[in-house]
2 protein chains.
Amino acid sequence: MRVSQLYAPTLRETPAEAEVVSHQLMLRAGMIRKAAGGVYTYLPLAWKVLKKIEAIVREEMDAKGGQELLMPIIQPAEMWQETGRWDVYGEEMFRLRDRHSRNFCLGPTHEEMITTLVRSDVRSYRQLPLLLYQIQNKYRDEIRPRFGLMRGREFIMKDLYSFDRDEAGLDESYNKMYDAYSRIFSRCGLEFRPVEADSGAIGGSGSHEFMVIADSGEAAIAFCSACDYAANVEKAELQAIEVEADGTAVLPLERVATPNMKSIKEVTRFLGMDATRIIKTIAYQTDKGPVLALVRGDHEVNEIKLKNKLDCLYLELANEAVIAEVLESCAGFLGPVKAQNVTVVADHTVMLMRDAVCGANSQDVHYLHVQPQRDIQPAIVADIRLIQENDPCPRCGAPVKTARGIEVGQVFKLHTKYSQALNAVYLDENGKEAPMVMGCYGVGVSRTMAAAIEQNHDENGIIWPVPIAPYQVIVVPVNAKDAAQMALAEKIYGELSAAGVETILDDRNERPGVKFKDADLIGYPLRVIIGPKTLQEGKVEVKVRRSGEIEFFAIEQCSGKVKELLGKI
Amino acid sequence: MRVSQLYAPTLRETPAEAEVVSHQLMLRAGMIRKAAGGVYTYLPLAWKVLKKIEAIVREEMDAKGGQELLMPIIQPAEMWQETGRWDVYGEEMFRLRDRHSRNFCLGPTHEEMITTLVRSDVRSYRQLPLLLYQIQNKYRDEIRPRFGLMRGREFIMKDLYSFDRDEAGLDESYNKMYDAYSRIFSRCGLEFRPVEADSGAIGGSGSHEFMVIADSGEAAIAFCSACDYAANVEKAELQAIEVEADGTAVLPLERVATPNMKSIKEVTRFLGMDATRIIKTIAYQTDKGPVLALVRGDHEVNEIKLKNKLDCLYLELANEAVIAEVLESCAGFLGPVKAQNVTVVADHTVMLMRDAVCGANSQDVHYLHVQPQRDIQPAIVADIRLIQENDPCPRCGAPVKTARGIEVGQVFKLHTKYSQALNAVYLDENGKEAPMVMGCYGVGVSRTMAAAIEQNHDENGIIWPVPIAPYQVIVVPVNAKDAAQMALAEKIYGELSAAGVETILDDRNERPGVKFKDADLIGYPLRVIIGPKTLQEGKVEVKVRRSGEIEFFAIEQCSGKVKELLGKI
């Protein structure tokens, strides 16, 4: 390919709409263009990267016995009504009617479709296991599509579904996919971590997310500094923190005036005590009524855990009206002591606190000397807090570290959730009917491209990992009008291409600065520069995009050396 | 791949819903399954074929300088409103609203999207020409989706759009695509013909369709027996047919009673004359008012030509009420003589007829001795009839032949229709603004697969052309329980696979009859059979699916010979 012909309209300015680096750089590098909020055209450079990621995904799926197929994007409502998800999905699902007023959606996922397919064609245990996958557009009508390809409304996914005879089979399929996913993201040249994950609304239990480590990541992960434990903070389990008895006297409850002292910070300063002595009380509204969640003052509520413990469909912070009218309390002075008309859920660490402080459900009043075991009667005591840096690892107890990540893949055990809802059964060895045991496994293909950029860039532009670079090498004659430079550029371009190195030639009649800037912005891993001085010396200059390192190779050795260098970086 | 693991659920019975062979065979061979009317899942075998067709398309597009990108499927209404097609498209367009009630459609085509894209990034003549393409799902909400993949509502297309500086550039791009399309369908192993085509509702002028020749084709084509002229019958031009003066006296008009003689056949029999003496009169309703179309009794009206000549948006047969009330005539006795309140359009051959017969616009009455030049005053005289077998070729005059075909590709000159509507302009060498000159070029990828089957099948199933077969060779041990047979089968399977031949091994523990039936149904080009007798003789049997021919090869030569044979068939 020649740059003069490539359709990659680069921009000098960063478009104001782009908040994150990957979005900014993909717009500037002429890789994507917006068609509507969260809906993008992938221009040729982006499409080349996507095809490389897809090829890696495909190879790893096939290596595990996956079979590729392609399901429809428009899906009839009936199968979604059978599982009840037609109603559950809400506004996030794009819906439409055909000319005969039949209801369809644009597939946000394909559990219903694949299960309906398999139930009609699979009868016998001999046809199992099955690993079926596709790579195609998915649709989610996000309230606020943002961050470019990171949270789009139309995006490319690989989704694989496994069908097994039993839980042991599911474990095997799950492990295959876990392994394949690790290989995929390694092969893409990304720094990533598989972490334990909550299995969310899609159902089932047992799940890992694959996180590309990047400071801009929307997800927080915790990982152990000693063992190999790693989890999404939403999921990371925590033991209760024991406090050793210090001989403090057990005193009766005492009301204390705390005028305008609403936050933990204000209360601790006012009362001259540590946040570990405060019981933080948060009020929620849920479909199961109002809830008070209690955590220690230096801790945060993990709403995912809380929601799971309550087994509720929605959960949101209670507003002031609810706090006043239903809980007969006031914001800033909420507390669990003598709380009525509300479900109290206490983090297990709270129940081990001694001589604590909490709001007294009256304006400007707190309780002192709270003994949780004596004064609080929670409906549920459980692990409901968010893990924090230096919390003990739930496996080995060593302090955990935290990092931010971008979720690019997830593996799920669905068990029989969908096969039961849709009656996908098979006959086992004894002729007995049993539901198929399912798993589902997704890779965000377009998001992986964006995540690669979030992880690999500098102030000048993208730094593509070699395996997914649109072109691995760019050959830049400093002066395209100089016949000798162009002749050598063409020669090296031809040699590298013939050697299987994906190469692009910047044949434009532009100043070298413009060409170098574009090359840095687009992020080709290696740049071969042909200038008057090196040419005279019988050499070419090769610059590594990531390190900025420069090497000089003799012209006749150039393509061999470049290939070698590509293997190293 | 092993058949025991392949997800290709074959069916013994032909599903009742399937009307055409390709639909029947793809269902029976476990290649597709219906999700909704006109909406299908492509199972692994079909997906393999589609990927092969896509790969061929991609190579040929790239060879012509095409650059692949991917545009959204969901398209905002605004760009369609700019060209006016939001209203024109009617019910055939799938429409939806997002959660903010913004209007979108599912792209039936992408002229608006690509033109909007290019207009914002291309400024200079130096950036042209551009050939941009994608391969993806298209959506058309057909009234009656039918014939399986032949007329679906969700289907896979390759669409390329060319942007040139001027008409000469467009001609060049058009010729490149014409050439690429010829190569694509040749490489797919299909018998096809490019034919001149009407450019239809999409706009522009200058178009060819690529037709796969098959008796079941929905389109009729005419081609010359002598020169290389070929056209869709909708488009094929015709000269007026001169009639030599035969000295018959020119007589005055005469009314003749023709009781109940409504059809051409009845009238000719009753009056004892040839259909070439009758003026056939057909009444239409159009958005430009009622129309009478006249053709000779042995000819048919070409409604596409008629519509183009009238430049109307819709045209349909007039019903009896219109004929009675507006035309003051009656069905079966329509005629152009003294016709009022109606636009008369005469085929140019009609105007050369002598002493003709036509309806007299009264029940049971015709006119004799009609002299068109004397008695009829048409508003338009033009070529408005359908070409027929043995009509003279418009190029060389030799008799044409007709055949049926399946349209699998079309190339179109759009000229400046969309660039003007959407203001896609560039600055030329003199800094003057000019609209880009466009073309569009489509390949029906999923339809090509179906057309390949319509053209290549027999009573036992599909006969894949080698280049697009899901696997080229199937290795069938007659008895999978026989260790010697299985060992040899594995060996040959391994050798062929290693030699780059896509091979599948039927390792199922089934009767040979079942395995052979499935192999014939799915249509692998070659079958290698390993049976006890040949094994003893140190040979394998190789059967060619298409011809039924059988060859025996020595075991040690098998893979070489199979490869050779594949090259020949």
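For A:Gln67, which sequence-distant residues (separation of 5 or more, or a different chain) have an amide H within less than 5 Å of its own amide H, given hydrogens modelled in the peptide plane?
Distant-sequence amide H within range of A:Gln67: A:Leu131, A:Leu132, A:Tyr133.
What whole-number distance in Å separates the alpha-carbon centres of the range B:465-490 and the range B:310-350?
Comparing the Cα centres of the range B:465-490 and the range B:310-350, I get a distance of 65 Å.
Can you pull a Stokes-Einstein diffusion coefficient for the protein assembly as shown at 4 °C (1.567 mPa s), Rh from Kirkwood over Cα pairs, as a whole number of µm²/s? Walk me through the numbers on the way to the answer.
On the way: Rh = 34.8 Å.
So the translational diffusion coefficient is about 37 µm²/s.
Please identify the cysteines of chain A that lack any partner cysteine with a Cβ under 4.7 Å from their own Cβ.
That list is A:Cys105, A:Cys188, A:Cys312, A:Cys330, A:Cys358, A:Cys440, A:Cys558.
Starting with the fewest neighbours, write out A:Ile462, A:Ile529, A:Ile569 ranked by other beta-carbon atoms found within 10 Å of each beta-carbon. Please report the intermediate quantities before stating the final value.
On the way: A:Ile462 26, A:Ile529 23, A:Ile569 15.
Lowest to highest Cβ neighbour count: A:Ile569, A:Ile529, A:Ile462.
To test your reading of the geometry: what angle, between 0 and 90 degrees and rounded to tens, separates the Cα axis of helix B:111-121 from the longest principal axis of chain B?
80
Any idea what angle helix A:512-522 forms with the longest principal axis of chain A, computed on alpha-carbon atoms, 0 to 90 degrees, nearest 10?
It is inclined by approximately 40 degrees.
If you add up the charges near A:Cys224, with Lys and Arg at +1 and Asp and Glu at -1, over every other residue whose beta carbon is less than 15 angstrom from its beta carbon, what do you get?
Working: positive: A:Arg193, A:Lys235, A:Arg395, A:Lys401; negative: A:Glu196, A:Asp228, A:Glu237, A:Glu389, A:Asp391.
Local charge sum for A:Cys224: -1.
List the trypsin sites (Lys or Arg not before Pro) within the range B:447-540 that DSSP assigns to loop and that have no more than 11 neighbouring Cβ atoms inside 10 Å.
Values: sites: B:Arg447, B:Lys481, B:Lys491, B:Arg508, B:Lys515, B:Lys517, B:Arg527, B:Lys533, B:Lys539; in loops: B:Lys481, B:Arg508.
Passing sites in the range B:447-540 are B:Lys481.
Between A:Ala487, A:Val540, A:Ser497, whose Cα lies farthest towards the positive end of the dipole of the range A:471-568 when Lys and Arg beta carbons carry +1 and Asp and Glu beta carbons carry -1, centred on the Cα centre?
A:Val540
Kirkwood Rh, the range B:425-473, all Cα pairs: how many Å?
Working: mean 1/r = 0.0680 Å⁻¹.
By the Kirkwood definition, the hydrodynamic radius is 14.7 Å.
Using the reciprocal of the averaged 1/r over all distinct C-alpha pairs, how large is the Kirkwood radius of the range A:379-477 in Å?
On the way: mean 1/r = 0.0519 Å⁻¹.
Hydrodynamic radius (Kirkwood, Cα pairs) of the range A:379-477 is 19.3 Å.
Straight distance only, please: which lysines reach the Cα of B:Lys309 with their own Cα at less than 16 Å, same-chain residues fewer than 8 apart left out?
Partners within reach: B:Lys235, B:Lys288.
Take the Cα pairs of the range B:254-382, get the Kirkwood Rh, then feed it into Stokes-Einstein at 37 °C and 0.692 mPa s and tell me D in µm²/s. Don't jump to the answer; show the numbers that get you there.
Values: Rh = 14.4 Å.
The diffusion coefficient I find is 229 µm²/s.
Taking the convex hull of the alpha carbon atoms in chain A, what volume per residue do you get, in Å³? Show your work: numbers first, answer last.
On the way: hull volume 117.7 nm³, N = 569.
Here the figure is 207 Å³ per residue.
What is the minimum Cβ-to-axis distance for chain B, in whole Å, where the axis maps B onto A, and to which residue does it belong?
B:Leu96, 2
How far, in nm to one decimal, is B:Lys491 from itself in the other copies if the label point is set 7 angstrom along Cα toward Cβ? Shortest first, please.
Between copies, matching label points for B:Lys491 lie 5.2 nm apart.
Between helix A:483-498 and chain A, what is the angle of the helix's C-alpha long axis to the longest principal axis, kept within 0 to 90° and rounded to the nearest 10?
Once rounded, one gets 60 degrees.
Using the 7 Å Cα-to-Cβ label point, sort the distances from B:Glu564 to its equivalents in the other copies shortest first and give them in nm to one decimal.
4.4
Mind listing the phi-derived Karplus ³J(HN,Hα) values for the range A:274-280, rounded to whole Hz, using 6.51, -1.76 and 1.60 with θ = phi - 60°, and x for any glycine or proline?
6, 4, 5, 8, 8, 9, 7
Give me a comma-separated list of calculated 3J(HN,Hα) values for the range A:87-102, in order, Karplus coefficients 6.51, -1.76, 1.60 applied at θ = phi - 60°, integers in Hz, x for any Gly or Pro.
Computed from phi, the couplings for the range A:87-102 are 7, 5, 5, x, 6, 6, 8, 6, 10, 8, 10, 7, 5, 9, 6, 7 Hz.
Which net charge results for the neighbourhood of B:Pro194, defined as the other residues with beta-carbon distances under 13 angstrom from its beta-carbon, given Lys and Arg at +1 and Asp and Glu at -1?
Values: positive: B:Arg183, B:Arg193, B:Lys235; negative: B:Asp179, B:Glu191, B:Glu196, B:Glu209, B:Asp228, B:Glu407.
Once all neighbours under 13 Å are counted, the net charge is -3.
Report, for A:Val88, each distance to the same residue's label point in the other copies, shortest first and in nm; define the point 7 Å along Cα→Cβ.
Those separations, rounded to one decimal, come out as 4.5 nm.
Sequence-distant or interchain residues sharing an amide H contact under 5 Å with B:Lys235, placed H: which?
B:Asp198
I want the local charge near B:Val437. Using Cβ-Cβ distances under 11 Å, sum +1 for each Lys or Arg and -1 for each Asp or Glu among the other residues.
Net charge in that neighbourhood comes out at -2.
5 Å is the cut-off here: which amide hydrogens, built 1.01 Å from N in the peptide plane, fall below it relative to B:Leu414, excluding neighbours closer than 5 in sequence?
B:Met438, B:Gly439, B:Cys440
Based on a Kirkwood Rh over C-alpha pairs, give the Stokes-Einstein translational diffusion coefficient of the range B:75-131 at 4 °C and viscosity 1.567 mPa s in µm²/s.
On the way: Rh = 12.7 Å.
So the translational diffusion coefficient is about 102 µm²/s.
Let me see the pair-distance distribution of the range B:423-538: every alpha carbon pair, 10 Å bin width, integer percents in order.
Each 10 Å bin holds this share of Cα pairs: 12, 30, 22, 10, 7, 8, 6, 3, 0.
Each value in this text was obtained by applying a stated rule to the coordinates, not by laboratory testing. As the structure is a prediction and not an experimental result, all values here were calculated from the model. Positions of Cβ are generated from backbone atoms using ideal geometry, with glycine treated the same way; all protein chains shown enter the neighbour counts.
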